[in-house]
Every structure is written in C-alpha cells, then in structure tokens.
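Undergrad: Below is the structure I would like to discuss, written out as structure tokens.
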Amino acid sequence: MPGMVRIATADGSGLAARLRTETAEDHRRAETSSFVTDLLDGALGVSDYARLAVQHHAIYGELERAVAANDDPDLEPLLAPELTRLGALEADLRFLLGDDWASEAEVLPATRAYVDHLAEVCATPEGLLAHHYLRYLGDLSGGQLIRRVLDRVYGFADGQGTAFYRFEAIPDPKGFKAAYRDHLDALDWSPERQQRVVDEVAAGFAATKAVFDDLAAETVPTI
C-alpha cells in the first residue's frame, strides 16, 4: 500500500476522512456501550470477556471468508493477510475456555444477525470494504488501548488471552493505517459507491452496538 496518492473528493475531503467524520456518532454510540465500559472498568469477569471473544470469532469467521473470496482488484491491496484474526481468536478462546471451547460457545441473536448481514453485503465490494475498514482499522487503533487495559485489569500476561489485539506481523501500525487510508482516497469510485461504503460502516457500528447490548443483557457488574 505505500506510495498511494490521495485523491480528494469535490469538497476537498477523501473517502477516509468521510468515513471518520460521517460515522463518528455511530462509532461513539458503539464504544460507549455499558458492556464495554463495564468490561474496561473491571466490573465484569473474565468469563464475560470470553463471551465477547466468542462473538468476535463468529463475526470474523464470516468476514474472513468474504476476504478469501474477494476477486475485486480495487480491494486487493487492502486485504493484507497480516490482518487475519481468526487464528488469534481461537488461541484466546483455548486460553480462556479450554481446548473444548467450541462446546461452550454461545453465539447471541444480535451476533447471528450481524453474521447474516455480513454474508449478504460482503458479497459486494462496497460492503466488504466497509466492514473490513470498520473491524481491522478499529483493531489497530482503539483495540490497542483495549488490549493494554485488559492486560492490566484482568492480569493477562505474555499475550495470553489478548492475541486478538496483537498484530505481531505489523510492526508499524501507524504507517499501515496511513497507507490503508491513502488507498481509500485513491479509489476511483463514484460518489454513489462511496456513499454506500459510508452507510454500511454506520450499519456496522449499529450491528456492533447490538452485540454489546445482547452481551450486557446477560451480565451483572460486580462493582
């Protein structure tokens, strides 16, 4: 992705800036869910974090199937194998729940709805781009703060339990994210296609919040 040239839209802002600014409120609503704040405050147990990892496994399983099936050359530079999270999630789940973790995994209704939505929309380049951007750039950004908090609050050590948030194959996350955004801005897509991406990112944040709400409905904070 290095070396891409930014191409501004008619109003002077590229697709990357539009995604950030036009979905900011959707992002805020998702990340301030009570489940997230309780988890990061240490008010929930490790079992609640494990339940979140189970939902992530279902979501990333579907997303990474769509990535593997992609045949759109516009997206190919973005679909770096270094981003793949499924193996890391399975390592976390083995640590959190044991080798038999799949027998204990409960995929919640909101997660099933999210996965079904991904299966439908990620068959299109706009849908796949939207959810790829939302998930992986979030993992490389706010996910790093989440990892540090989880390690401190729940006593995880040596990367065990938080492999999902660790991108060992990406030594320069800041540079990687900059190159990713450069490629977004270099896409020669019509305003209508760009708007579909923006709308789908907003839908992805809403789906994420619904998963958090389902998780919160089955938890009782301890503090």
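The values are calculated or read from the model by the stated rules, or taken from the named source; none is laboratory data. It should be emphasised that the depicted structure is a prediction, and the values quoted were computed from it without experimental measurement. Here the Cβ is made from the backbone with ideal geometry for all residues, glycine too, and neighbour counts use every protein chain on show. Accessible surface areas use protein heavy atoms only, side chains included; no ligands, DNA or RNA. Shrake-Rupley method; radii C 1.70, N 1.55, O 1.52, S 1.80 Å.
Undergrad: Taking the alpha-carbon centroid of each part, what is the distance from the range 84-161 to the range 14-72 in angstrom?
TA: 7 Å
Undergrad: If HIS27, HIS131 are ordered by their accessible area, calculated over protein heavy atoms with a 1.4 Å probe, which sequence runs from highest to lowest? Numbers along the way, then the final one.
TA: Numbers: HIS27 85, HIS131 0 Å².
Of HIS27, HIS131, the descending order of accessible area is HIS27, HIS131.
Undergrad: Which one, TRP101, ALA43, VAL121, projects farthest toward the positive side of the charge dipole computed for the chain from Cβ point charges (K/R +1, D/E -1)?
TA: Projecting each Cα onto the dipole axis, the largest value belongs to ALA43.
Undergrad: Normalise the Debye intensity by I(0) for the range 93-136, one equal point scatterer per Cα, no solvent, then take log10 at q = 0.20, 0.22, 0.23 Å⁻¹ and round to two decimals.
TA: The computed values of log10 I(q)/I(0) come out as -0.75, -0.79, -0.80.
Undergrad: Given only helices, namely DSSP H runs of n ≥ 4 each adding -39500 (n - 2.57), what is the per-residue ellipticity at 222 nm of the chain, to the nearest 500 deg cm²/dmol?
TA: Values: 11 runs with 138 residues, N = 223.
The helix-only estimate for the chain comes to -19500 deg cm²/dmol at 222 nm.
Undergrad: Among 141-147, 201-207, how do they line up by average Cβ neighbours within 10 Å per residue, starting with the highest? Show your work: numbers first, answer last.
TA: On the way: 141-147: 15.6, 201-207: 20.1.
Ranking the peptides 141-147, 201-207 by packing returns 201-207, 141-147.
Undergrad: To two decimal places, what compactness ratio does the range 1-125 give when its Cα radius of gyration is scaled by 2.2 N^0.38 Å? Display every interim value, and only then the final one.
TA: Numbers: Rg = 17.7 Å, N = 125, 2.2 N^0.38 = 13.8 Å.
The range 1-125 yields a ratio of 1.28.
Undergrad: In the chain, what percent of the accessible surface is made up of carbon and sulfur (1.4 Å probe, ligands and nucleic acids excluded)? List each step's numbers first, then the result.
TA: Details: 5610 of 10540 Å².
Heavy-atom surface of the chain belonging to carbon and sulfur, 1.4 Å probe: 53 percent.
Undergrad: While we're on this one: Karplus couplings for the range 114-128 from phi (6.51 cos²θ - 1.76 cosθ + 1.60, θ = phi - 60°), rounded to Hz, Gly and Pro as x?
TA: With coefficients 6.51, -1.76 and 1.60, one gets 4, 4, 4, 5, 4, 4, 7, 7, 6, 6, 10, x, 5, x, 5 Hz.
Undergrad: Continuing with this model, one more query. Indicate the gyration tensor shape class of the range 144-223 (rounded, prolate or oblate), computed on the Cα atoms with a ≥ b ≥ c the square roots of the eigenvalues: a/c under 1.5 is rounded; otherwise a/b larger than b/c is prolate and the rest oblate. Intermediate results must be reported in sequence, preceding the final value.
TA: On the way: a/c = 4.23, a/b = 1.39, b/c = 3.03.
In terms of gyration-tensor shape, oblate.
Undergrad: Here's something else I'd like to know. With charges only on Cβ, +1 for K and R and -1 for D and E, what is the dipole size of the range 22-121 about its Cα centre, in debye, rounded to 20?
TA: Values: 7 positive and 22 negative charges, 62 e Å.
Roughly 300 debye, rounded to the nearest 20.
Undergrad: With +1 on each Lys and Arg Cβ and -1 on each Asp and Glu Cβ, and nothing else charged, work out how big the dipole of the chain is about its Cα centre, in Debye to the nearest 20.
TA: Result for the chain is approximately 620 debye, rounded to the nearest 20.
Undergrad: Could you run the Karplus curve 6.51 cos²θ - 1.76 cosθ + 1.60 with θ = phi - 60° over the range 48-60 and give me ³J(HN,Hα) per residue in whole Hz, x for Gly and Pro?
TA: 5, 4, 4, 5, 4, 4, 4, 5, 4, 4, 5, 5, 6
Undergrad: When the dipole is taken about the Cα centre of the range 135-200, and only Lys, Arg (+1) and Asp, Glu (-1) are charged at their Cβ, what size is it in debye, to the nearest 20? Display every interim value, and only then the final one.
TA: Details: 10 positive and 11 negative charges, 58 e Å.
For the range 135-200, the charge dipole is close to 280 debye.
Undergrad: In the range 52-155, which GluC sites (Glu not before Pro) are in a loop and have at most 15 other Cβ atoms within 10 Å, using DSSP for the loop call? Can you show the working numbers first?
TA: On the way: sites: GLU62, GLU64, GLU82, GLU90, GLU104, GLU106, GLU120, GLU126; in loops: GLU106.
In loop regions of the range 52-155 (DSSP not H, G, I, E or B), the sparsely surrounded GluC sites (Glu not before Pro) are GLU106.
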